[in-house]
1. Just name the residue that is nearest to residue 207 (Cα to Cα) out of those in region 100-130 that are part of a helix (DSSP H, G or I) and of a type in the set (Lys, Arg).
2. Taking residue 191 and the conditions (1) in contact with a helix residue (DSSP H, G or I) (Cβ under 7 Å, 6 or more places away or on another chain); (2) closer than 29 Å to residue 81 by Cα, which numbered condition does it fall short on, given that it satisfies the others?
3. Restricting attention to region 90-148, and to residues there that are in contact with a Lys or Arg (Cβ under 8 Å, 6 or more places away or on another chain) and among the acidic types (Asp, Glu), which single residue is farthest from residue 76 (Cα to Cα)?
4. Taking the residues in region 131-143 that are open to solvent by 40 Å² or more (accessible area, probe 1.4 Å) and either out of contact with any Gly (no Cβ under 7 Å at 6 or more places or on another chain) or assigned to a helix (DSSP H, G or I) (or both) as candidates, determine which candidate is nearest to residue 221 (Cα to Cα).
5. Residue check: is residue 99 loosely packed, with under 13 Cβ neighbours inside 10 Å, at pLDDT below 95 and on the phi < 0 side of the Ramachandran plot?
6. Can you find even one residue in region 112-122 that is modelled with pLDDT under 90, of a type in the set (Gly, Ala, Ser), touching a helix residue (DSSP H, G or I) at 6+ places or on another chain (Cβ under 9 Å) and within 14 Å of residue 214 (Cα to Cα)?
Amino acid sequence: MESIKLFRGYGKVNPHLEDQSPHQQHSTSKRRILIFSVSSILLLTLIIGIALATLIHESNSEPDESPYLSSSNPAESIKTVCDVTLYPSSCFTSISSLNISTKPDPEVIFKLSLQVSIAELKNLSPLLSSFNDVNSQAALKDCVSQFDDSLSKLNDSLSAMEVGPGEKMLNLEKVNDIRTWISAAMTDQDTCIDGLEEMGSKFLDEIKAKIERSKEFLSISLAIIAKMQALLEKFDLKMH
């Protein structure tokens with residue numbers, strides 16, 4: 001009997017729902033949709049609020065990072081500039097050893113590299129004059145003359161960068177001139193070596209080693225001035 005009652009009750013519609021008119025049923029459905037919509041909006045608002053709170057927390061907890069380098073850190077600035085050269089280690093060591101009294105931006109670092117190049121070149125002339133080689137005496141004299149010419153070009157480069165307070169050391173015209181002068185100084189050194197080789201100088205290997213060291217520092221200066229525009233941009237600076 002129990003099973004028969006269950007069977008008879010199966011499939012019956014809730015009498016309350018049956019008694020509702022179509023208009024009432026429609027209103028009930030609309031209320032359900034409205035409740036669902038409000039719930040969805042509240043849930044979406046909650047999710048957006050959590051996401052915004054997370055972003056604000058992360059932005060407050062992480063330090064601001066500028067895409068540009070700062071010249072307030074001398075070692076970092078020098079390394080950045082020296083990395084564009086073929087000899088970054090020699091570049092960094094030689095420039096870092098100098099007394100840097102100002103914040104070293106790329107223009108200042110280039111000027112320091114020129115000072116290193118000039119110091120190395122100045123050591124060559126006395127060295128050549130100390131050699132006593134009859135066979136290559138004429139070639140040695142030519143070398144001394146060529147190195148003096150090279151020194152003159154490098155000093156011209158330094159002079160071109162001497163400006164008043166607040167003025168920029170370099171502009172595009174100066175950069176082009178300085179690149180030409182440094183390249184010419186390197187050519188003078190190659191010419192010296194060629195002359196000593198032709199004369200069969202017995203001091204060739206010793207002189208060549210000294211000249212190659214000088215050329216290394218000239219190469220450093222040349223690389224820096226050639227990449228000056230890009231280097232200035234890394235420091236958020238401009239060339240005039």
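1. Here is the first cut: in region 100-130, the ones part of a helix (DSSP H, G or I) are 106-122, 124-129.
Pick out the ones that are also of a type in the set (Lys, Arg) and you get 111, 122.
Details: 111: 27, 122: 14 Å.
Among residues in region 100-130 that are part of a helix (DSSP H, G or I) and of a type in the set (Lys, Arg), the one nearest to residue 207 (Cα to Cα) is 122.
2. Only one criterion is unmet by residue 191, namely (2).
3. Taking the candidates together, the pick is 133.
4. The first filter runs over region 131-143 and keeps only residues open to solvent by 40 Å² or more (accessible area, probe 1.4 Å), leaving 132, 134-135, 137-138, 141-142.
Narrowing the set further to residues that are either out of contact with any Gly (no Cβ under 7 Å at 6 or more places or on another chain) or assigned to a helix (DSSP H, G or I) (or both) leaves 132, 134, 137-138, 141-142.
Values: 132: 32, 134: 35, 137: 31, 138: 30, 141: 26, 142: 24 Å.
Among them, the one singled out is 142.
5. Values: loosely packed, with under 13 Cβ neighbours inside 10 Å: yes; at pLDDT below 95: yes; on the phi < 0 side of the Ramachandran plot: yes.
Taking the combined requirement at face value, the residue satisfies it.
6. We begin by selecting, within region 112-122, every residue modelled with pLDDT under 90; these are none.
There is no residue in region 112-122 that is modelled with pLDDT under 90, of a type in the set (Gly, Ala, Ser), touching a helix residue (DSSP H, G or I) at 6+ places or on another chain (Cβ under 9 Å) and within 14 Å of residue 214 (Cα to Cα).
Listed here are the residues, each with its yes/no results for (1) open to solvent by less than 80 Å² (accessible area, probe 1.4 Å); (2) of a type in the set (A, V, I, L, M, F, W, C).
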| residue | (1), (2) |
| --- | --- |
| 162 | no, no |
| 178 | yes, yes |
| 182 | yes, yes |
| 207 | yes, yes |
| 214 | yes, no |
| 223 | yes, yes |
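The rows are residues; the columns are (1) in contact with a His (Cβ under 6 Å, 6 or more places away or on another chain); (2) β-branched (Val, Ile, Thr); (3) loosely packed, with under 13 Cβ neighbours inside 10 Å.
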position: 154; (1), (2), (3): no, no, no
position: 169; (1), (2), (3): no, no, no
position: 172; (1), (2), (3): no, no, yes
position: 175; (1), (2), (3): no, yes, no
position: 188; (1), (2), (3): no, no, no
position: 196; (1), (2), (3): no, no, no
position: 200; (1), (2), (3): no, no, yes
position: 234; (1), (2), (3): no, no, no
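The values are calculated or read from the model by the stated rules, or taken from the named source; none is laboratory data. Small disclaimer: the values here were computed from a predicted structure and weren't measured. Neighbour counts run over all protein chains shown; Cβ positions are idealised from the backbone, glycine included. To get the accessible areas, we keep the full protein, side chains included, count just its heavy atoms, and leave off ligands, DNA and RNA. Shrake-Rupley method; radii C 1.70, N 1.55, O 1.52, S 1.80 Å.
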